[in-house]
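Taking it in order: structure first as structure tokens, then the write-up.
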Amino acid sequence: MQRYAAVSGDAGVVGYEILEDAVILEFRDGSQYLYSYARPGMEHVEQMKVLAAAGKGLTTYVNQHIREDYDKRLK
């Protein structure tokens, strides 16, 4: 799991792991969620990968576009 850079310094996302067809996000409370091409879909997952690598906008994107639409809660 890579640490999310969070340019703003105050993000709900603290870590991420990029997979071929998915992304795993870890949040401040220690929870981890899998977001995949199956759910919420390829377009969202690819955008989340870009934002994760950039260290900017990922938490906002999840809050505005994804919310509870994840594939699986891992932890």
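Each label point was placed 7 Å from the Cα along the Cα-to-Cβ direction; for Leu19 and Glu46 their separation is 1.9 nm. Between Glu17, Glu43, Glu26, the Gaussian network model of the chain with springs among Cα atoms under 10 angstrom shows the greatest mean-square fluctuation at Glu43.
When the trypsin sites (Lys or Arg not before Pro) in the range 18-68 are filtered for DSSP coil states and for at most 14 other beta-carbon atoms within 10 Å of their beta-carbon, the remaining sites are Arg28, Arg67.
Between Leu74 and Ala6, the simple spin-label model (points 7 angstrom out along Cα→Cβ) gives 1.8 nm. Backbone geometry of the range 65-75 corresponds, through the Karplus equation with coefficients 6.51, -1.76 and 1.60 at θ = phi - 60°, to 3J(HN,Hα) couplings of 10, 10, 6, 8, 8, 10, 6, 7, 8, 9, 8 Hz, x marking Gly and Pro. Karplus-derived 3J(HN,Hα) values for the range 31-40, using 6.51 cos²θ - 1.76 cosθ + 1.60 with θ = phi - 60°, are 6, 10, 10, 9, 10, 10, 4, 5, 7, x Hz; glycine and proline are entered as x. The mean sequence separation of alpha-carbon pairs under 8 Å and at least six residues apart, normalised by the residue count of the chain, gives a relative contact order of 31 percent. A cut-off of 5 Å between modelled amide H atoms, ignoring neighbours fewer than 5 places along the same chain, links Tyr4 with Gly15, Tyr16. Taking amide hydrogens as placed 1.01 Å from N in the peptide plane, the amide H of Lys72 sits under 5 Å from those of Leu34, each at least 5 positions away in sequence or on another chain. Think of it as helices only: each DSSP H run of n ≥ 4 in the chain is worth -39500 (n - 2.57), and spread over all residues that comes to -6000 deg cm²/dmol at 222 nm.
FYI, it's all coordinate maths here, none of it is from the lab. Given the structure is predicted, the values throughout are model-derived calculations rather than measurements. Because the Cβ atoms are built from the backbone with ideal geometry, glycine has one as well, and the counts that use them run over all protein chains shown.
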